[in-house]
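Just below is one structure, and these are the notes that go with it.
Where a number appears in this text, it was derived from the coordinates with a stated rule and is not lab data. Small disclaimer: the values here were computed from a predicted structure and weren't measured. Here the Cβ is made from the backbone with ideal geometry for all residues, glycine too, and neighbour counts use every protein chain on show.
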Amino acid sequence: MNNNPIGVFDSGIGGLSVWKELRQALPHESIVYLADGKNCPYGDKSAEEVTAFVLHAIEELMRHNVKLIVVACNTATAVAIDLLRKQYDIPFVGMEPAVKPAALSSESGVIGILATHASLQGDLFRNTCAKYADKVRILSSVGEGFVECVEKGEEHSAHIAEPIVRRAVEPLLAEGADRIVLGCTHYPFLTHHIEKVIGERKVEIVNPAPAVARRTEWLLKEHNIKASTSHKAEYSFITFADDGYLARITDKAMALTMEN
Ligand code: DGL
C-alpha cells in the first residue's frame, strides 16, 4: 500500500482526457498533473527537443514523490518512454497508439489514425502498425491545428474547430476507414466535431484513455502500491507556463469532474 500520488504528464491540457479516466477508475489515488504549457505543442519539435522537455518534466514530478507516472502524451511516449523506463525506478505507463482494437474490430478493413507529426514518425507507431498490416490498411493523418485549438480553449467554437477537423478526418473517411483512432491526448476534446464530420457513416472513434487507466490500475496492483481504500484523494496541478495557464487547466479539470 502506498498513498503517494500518481504523476500525470502532458505537453499541455490534452492529458486531462486521461486524467479524467484515471480519476474515475482509481477514486482513492491522489494525482499530480503536470502540463508543460511553456513548450507546447511538442508534435512539431525534434525528438531531441521533446526528450529534453520530458526529462525536465519527470524531474519535477519526482520532486512531488510520485509512485508511478502516466505519460499522458503520445508524442512524449513515442520519443522517450524507453529512456524513462531505463532511467527511473518507478513504473511508467505510456500512451499506446490504439491500432490493435481498431484493427481487430474494423469491418471495412481500413482504419485511420489521427496523431501528431512526431508520433507518426516514431518507431512505436511504425512497429505497432507493422503487427497489423496484414489484417487492415492503416491510414494516418496529422491533426493539423488540433492541439493549438484545444490549448486556446477553442474546442467549443464550431466555426474554428470544425474546418480543421474536417480537413484531417475527411480523407480517412473517403478511403473507407470505419475506425478513427485518437492518437493524441488532446484529440478527445474534439470528439464532438469528429462525430459531426462522420455524420451518418458507420464509423467508430477509438480513444485509448480508458485502456490506459486499466493498465495503470493493473500496474499499481502488480507493484503493490495502490492507495488505501480509506485514503482521500487529492488533485493538484502544476505547469511551467504562467498562472493564467494554470487557472485554465484547473478550470478545465473542474469542468470535466462536473461532467461525470
Ligand atoms: N497531447 C500530446 C500528444 O498526445 C500533444 C502533442 C503536442 O504537444 O503536440 O501527443
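Only Cα sites of the range 152-260 enter the Debye sum here, all with the same form factor; the resulting log10 I(q)/I(0) across q = 0.13 1/Å is -0.72, listed in q order. Compared with the dominant Cα axis of the chain, that is its longest principal axis, helix 209-222 is turned about 40°.
Comparing the range 1-106 with the 2.2 N^0.38 Å rule of thumb, its C-alpha radius of gyration ratio is 1.07 (two decimals). Stretching the chain fully between Arg85 and Asn224 yields a gain of 48.2 nm (0.36 nm per residue, less the alpha carbon separation).
Checking the cross-link pairs Lys20/Lys131; Lys20/Lys45; Lys20/Lys226 against a 24 Å limit on the alpha carbon distance flags Lys20/Lys131; Lys20/Lys45 as lying beyond it.
Taking the Cα centre of the range 70-129 as reference, the dipole from Cβ charges on Lys and Arg (+1) and Asp and Glu (-1) amounts to some 60 debye. When peptides 88-99, 122-133, 165-176 are ranked by their average number of other Cβ atoms within 10 Å per residue, the highest-first order is 88-99, 165-176, 122-133. Computed from point charges on the beta carbon alone (+1 for Lys and Arg, -1 for Asp and Glu), the dipole magnitude for the chain about its Cα centre is near 680 Debye. FRET efficiency for the pair Asn2 and Met258, taken as 1/(1 + (r/R0)^6) with r the Cβ-Cβ distance and R0 = 45 Å, rounds to 0.95.
Per-residue 3J(HN,Hα) values for the range 90-96, derived from phi via the Karplus relation 6.51 cos²θ - 1.76 cosθ + 1.60 with θ = phi - 60°, read 7, x, 10, 10, x, 8, 8 Hz in sequence order (x marks Gly and Pro). For the range 225-241, backbone phi angles converted through the Karplus equation (6.51, -1.76, 1.60; θ = phi - 60°) give residue-by-residue couplings of 10, 5, 6, 5, 6, 9, 6, 8, 5, 10, 10, 10, 9, 9, 8, 8, 8 Hz, Gly and Pro being listed as x. For Val93, the amide hydrogen comes within under 5 Å of the amide hydrogens of Ile69, Val70, Val71, counting only partners 5 or more places away or on other chains and with H modelled in the peptide plane.
Give the relative contact order (percent, whole number) for the range 101-232; include only Cα pairs under 8 Å separated by 6+ residues.
Numbers: 168 pairs, mean separation 37.6, N = 132.
Reported as a whole number, the value is 28 percent.
Taking the alpha-carbon centroid of each part, what is the distance from the range 42-70 to the range 153-199 in angstrom? A separation of 28 Å, based on Cα centres. The residues Asp10, Asp36, when put in order of fewest to most other Cβ atoms within 10 Å, stand as Asp36, Asp10.
Taking amide H positions as modeled 1.01 Å from N, with prolines and chain starts lacking one, no residue 5 or more places away or on another chain lies under 5 Å from Lys45.
Below 8 Å between Cα atoms, with a sequence gap of 6+, how large is the relative contact order for the chain in percent? Can you show the working numbers first?
On the way: 485 pairs, mean separation 76.0, N = 260.
Relative contact order here is 29 percent.
Based on Cα contacts under 8 Å between residues 6+ apart, the range 65-133 shows a relative contact order of 35 percent. For the chain, the longest principal axis of the alpha carbon atoms and the long axis of helix 16-25 meet at an angle near 60°.
Taking packing as the residue-averaged number of other Cβ atoms within 10 angstrom, the listed peptides 65-72, 49-56 run from highest to lowest as 65-72, 49-56.
For the chain, the share of alpha carbon pairs falling in successive 5 Å distance bins from zero is 1, 6, 14, 18, 20, 17, 12, 8, 4, 1, 0 percent.
How big is the dipole moment of the range 164-260 about its Cα centre under a simple scheme where the beta carbon of each Lys and Arg is +1, that of each Asp and Glu is -1, and everything else is neutral? Debye, nearest 20, please.
200 debye
The sum of -39500 (n - 2.57) across all DSSP H runs of n ≥ 4, divided by the residue count of the chain, sets its helix-only mean residue ellipticity at 222 nm to -14500 deg cm²/dmol.
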